[in-house]
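Q: There's a structure below that I have some questions on.
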Amino acid sequence: ILDQPRLHFLQGDIADSAAVAEAIAGCQAVVNFAAETHVDRSLLEPAAFVQTNVWGTMVLLEHALRAGVQSLLHVSTDEVYGEILIGRARETDPLHPRNPYAASKAAAEHFVFSYWTSYRLPVLVTRGCNTYGPYQHPEKFIPLAITNLLTGEPIPVYGDGFQERDWLYVEDHCRAIWTVLVHGKPGQAYNIGASQHRPNIAVARSIVHLLGADPASIVHVSDRPGHDRRYAVDWSKLAALGWAPRTPFEDGLARTIAWYRSRPDWWTARRDAAFAAYYARNYRDRETPVTQP
């Protein structure tokens, strides 16, 4: 899309005030996707998450206010609710983040809504569930599992693998964000869910099956600290705006696997030395055979 005449691309850091000021000039709407997102890294380097997710959002809010933008949509996460063991979280429920990543996103949301209350900056917030699809960084669970199998490595699964997530295909997530941007009510949050809950172990087994790999490729490793057991959101508020997910998990997963199979030129470069060393340190020394619960 870089050749499209309607696109003007600037590369910069959301925490860089001058870069944000240049990018926001003349904008009617702003959608903030910028974030540090991987929980594992937030446990090792939480300060980077505060810098990007909290301070960066503050920089963006200030420039949006000065520029008089007509809408600012902040992309957040369902992890701000913390683990939901029973039922589904609604937008009016209190936030209870349980890891540095989720805490940084919750803090950013509080600043976003404060600019609505204090300055009437027209803001919107989306809280999306676990998203997957092409171009996702190979540190995330599904692309990690796929690329590990493609390179002869096992799939590491935390604990018993029964941490449950709702899985949303990236194109459906993008349509949801667009729906909220166009039809959402300023000052409101909107959950984005897919109602396609799967435990991590089931996702790993599906990937193994689709790639024709050995089931013994799944290895259980020590669980990470404070690992949330289950996320679930009530997305009826978004459904009332006319949105619904279109991609069944099985179809989206097959499309995702096909993409990673065809694009080692993209993901190989992102499995850099530091990334490989991190997973070697955290997984390979603690491998145990997979067992059926």
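The values are calculated or read from the model by the stated rules, or taken from the named source; none is laboratory data. Note that the structure is predicted; figures quoted are calculated from it, not measured. Note: ideal-geometry Cβ built from the backbone for every residue, glycine included; neighbour counts use all protein chains shown. Heavy atoms of the whole protein, side chains included, go into the accessibility calculation; ligands, DNA and RNA do not. Shrake-Rupley method; radii C 1.70, N 1.55, O 1.52, S 1.80 Å.
Q: Could you identify the single residue in GLU91, GLU79 that is touching a strand residue (DSSP E or B) at 6+ places or on another chain (Cβ under 9 Å), touching a residue at least 60 places away in the same chain (Cβ under 8 Å) and surrounded by fewer than 21 Cβ atoms within 10 Å (Cβ to Cβ)?
A: Values: GLU79 fails: surrounded by fewer than 21 Cβ atoms within 10 Å (Cβ to Cβ).
One residue alone meets the criteria, GLU91.
Q: Could you look through region 5-18, keep only residues that are modelled with pLDDT of 95 or more and over 24 Å from the mean Cα position of the chain (by Cα), and pick out the one that is most open to solvent (accessible area, probe 1.4 Å)?
A: ALA18
Q: In region 56-105, which residues are of a type in the set (A, V, I, L, M, F, W, C), more than 24 Å from LYS185 (Cβ to Cβ) and in contact with a helix residue (DSSP H, G or I) (Cβ under 7 Å, 6 or more places away or on another chain)?
A: Within region 56-105, VAL59, ALA102 qualify.
Q: Another question, if that's okay. So which of TYR115, TYR119 is farther than 17 Å from TYR169 by Cβ, open to solvent by 40 Å² or more (accessible area, probe 1.4 Å) and in contact with a Leu (Cβ under 6 Å, 6 or more places away or on another chain)?
A: On the way: TYR115 fails: open to solvent by 40 Å² or more (accessible area, probe 1.4 Å).
From the options TYR115, TYR119, the qualifying one is TYR119.
Residues are listed down the side, and each one gets a yes or a no for (1) in contact (Cβ under 8 Å) with a residue 40 or more places away in the chain; (2) among the aliphatic types (A, V, I, L, M); (3) open to solvent by 10 Å² or more (accessible area, probe 1.4 Å):
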site	(1), (2), (3)
VAL157	yes, yes, no
GLU164	yes, no, yes
THR179	yes, no, yes
PRO186	yes, no, yes
GLY193	yes, no, no
ILE201	yes, yes, no
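Yes or no, residue by residue, for (1) of a type in the set (Val, Ile, Thr); (2) part of a helix (DSSP H, G or I); (3) crowded, with 22+ Cβ neighbours inside 10 Å:
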{"site": "ALA107", "(1), (2), (3)": "no, yes, no"}
{"site": "LEU124", "(1), (2), (3)": "no, no, yes"}
{"site": "ARG127", "(1), (2), (3)": "no, no, yes"}
{"site": "GLY152", "(1), (2), (3)": "no, no, no"}
{"site": "ARG205", "(1), (2), (3)": "no, yes, no"}
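Q: Residue by residue through region 26-42, note down the ones that are open to solvent by less than 70 Å² (accessible area, probe 1.4 Å) and either more than 25 Å from TYR101 (Cβ to Cβ) or of a type in the set (A, V, I, L, M) (or both). Before you say what the answer is, go through the steps one by one.
A: Step one: list which residues in region 26-42 are open to solvent by less than 70 Å² (accessible area, probe 1.4 Å), which gives 27, 29-32, 34-42.
CYS27, ALA29, VAL30, VAL31, ALA34, ALA35, VAL39, listed by residue number.
Q: For region 238-293, which residues satisfy the criterion of being under 23 Å from ILE218 (Cβ atoms), acidic (Asp, Glu) and either modelled with pLDDT of 65 or more or open to solvent by less than 70 Å² (accessible area, probe 1.4 Å) (or both)?
A: Hits for region 238-293 are GLU250, ASP251.
Q: Search region 247-271 for residues that are under 28 Å from SER195 (Cβ atoms) and pair each with any residue that is assigned to a loop (DSSP other than H, G, I, E, B) and open to solvent by less than 60 Å² (accessible area, probe 1.4 Å) when their beta-carbon atoms are under 6 Å apart and the residues are at least 6 apart or on different chains.
A: From region 247-271, the pairs are PHE249/GLN196; THR256/GLY133; TRP259/PRO134.
Q: Having 1 or more residues that are among the hydroxyl-bearing types (Ser, Thr, Tyr) is the bar; report the helices (runs of 4 or more DSSP H) wholly within region 22-100 that clear it. Explain how you work it out, then say what you get.
A: Working: elements: 39-44, 46-49, 56-67.
Per the criteria, 39-44, 56-67.
Q: With the checklist (1) under 29 Å from ARG271 (Cβ atoms); (2) touching a Ser or Thr at 6+ places or on another chain (Cβ under 6 Å); (3) open to solvent by 10 Å² or more (accessible area, probe 1.4 Å) in hand, flag the one item THR131 doesn't pass.
A: (2)
Q: Among what's in region 180-214 and is under 18 Å from the mean Cα position of the chain (by Cα) and hydroxyl-bearing (Ser, Thr, Tyr), pick the residue that is farthest from ALA239 (Cα to Cα).
A: SER195
Q: Somewhere in region 214-228, is a residue open to solvent by less than 60 Å² (accessible area, probe 1.4 Å), under 29 Å from TRP178 (Cβ atoms) and touching a helix residue (DSSP H, G or I) at 6+ places or on another chain (Cβ under 9 Å)?
A: yes
Q: Separate question: In region 154-179, which residue that is hydrophobic (A, V, I, L, M, F, W, C) and either closer than 21 Å to LEU61 by Cα or part of a helix (DSSP H, G or I) (or both) is nearest to the chain's Cα centre (by Cα)? First the steps, then the outcome.
A: To start, the set of residues in region 154-179 that are hydrophobic (A, V, I, L, M, F, W, C) comprises 155, 157, 162, 167-168, 170, 174, 176-178.
Adding the requirement that they be either closer than 21 Å to LEU61 by Cα or part of a helix (DSSP H, G or I) (or both) leaves 170, 174, 176-178.
Working: VAL170: 10, CYS174: 12, ALA176: 14, ILE177: 13, TRP178: 16 Å.
Top of the filtered list is VAL170.
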